[in-house]
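**Q** I'd like to ask some things about the structure below.
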């Protein structure tokens, strides 16, 4: 019998290795996607807390508090930086980079949801403000990889990720 001097992989061996890698990738991909979504959501919750803290701190300034108006319906946070009053400037000073620099970390599109029966655009922070009690609420609307649009409200944000 003649011995062959094999110095490589056969085509069958290569196909088997590729198939095993595809099976492993298919099994690990959903878990990876869930971890990425959880990370994005955590980042958005942290940003909402930063914005709320900036607004609350601005309200402790007498001039800014007298310049602030009650906001009784959900309003985009970016509208704060559009203003020219003392309140707008104070909030932008208290939030590093300014309020307009904060963006939702999801790149998924979601159906428009409702928050307290008011329409909210996807992918932004919105707020309500009661100046008499300095009560600030920040909401997040985004799709973090699940099938539903999530609405979270600061300061009552759950730290758990639910699909």
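The values are calculated or read from the model by the stated rules, or taken from the named source; none is laboratory data. Quick caveat: nothing in here was measured; it's all calculated off a predicted structure. Every residue, glycine among them, receives a Cβ derived from its backbone with ideal geometry; neighbour counts consider all protein chains shown.
**Q** Among (1) within 26 Å of the chain's Cα centre (by Cα); (2) modelled with pLDDT of 85 or more; (3) under 30 Å from residue 132 (Cβ atoms), there is one condition residue 28 misses while meeting the rest; what is its number?
**A** Failing condition for residue 28: (3).
**Q** Right, next: Just one of the numbered conditions (1) under 28 Å from residue 34 (Cβ atoms); (2) at pLDDT 65 or above; (3) surrounded by 17 or more Cβ atoms within 10 Å (Cβ to Cβ) is not true of residue 103; which one?
**A** It is condition (3) that residue 103 fails.
**Q** Any residue that is within 15 Å of residue 136 (Cα to Cα) and modelled with pLDDT of 85 or more - is there at least one of those in the range 79-88?
**A** Looking for residues that are within 15 Å of residue 136 (Cα to Cα) and modelled with pLDDT of 85 or more, one finds at least one in the range 79-88, hence yes.
**Q** Next up: Is it the case that some residue within the range 118-135 is under 19 Å from the mean Cα position of the chain (by Cα), farther than 18 Å from residue 42 by Cα, part of a strand (DSSP E or B) and modelled with pLDDT under 70?
**A** Within the range 118-135 (the criterion being under 19 Å from the mean Cα position of the chain (by Cα), farther than 18 Å from residue 42 by Cα, part of a strand (DSSP E or B) and modelled with pLDDT under 70), the answer is yes, since at least one residue qualifies.
**Q** Does residue 47 satisfy the condition of being crowded, with 21+ Cβ neighbours inside 10 Å and either touching a residue at least 60 places away in the same chain (Cβ under 8 Å) or touching a strand residue (DSSP E or B) at 6+ places or on another chain (Cβ under 9 Å) (or both)?
**A** yes
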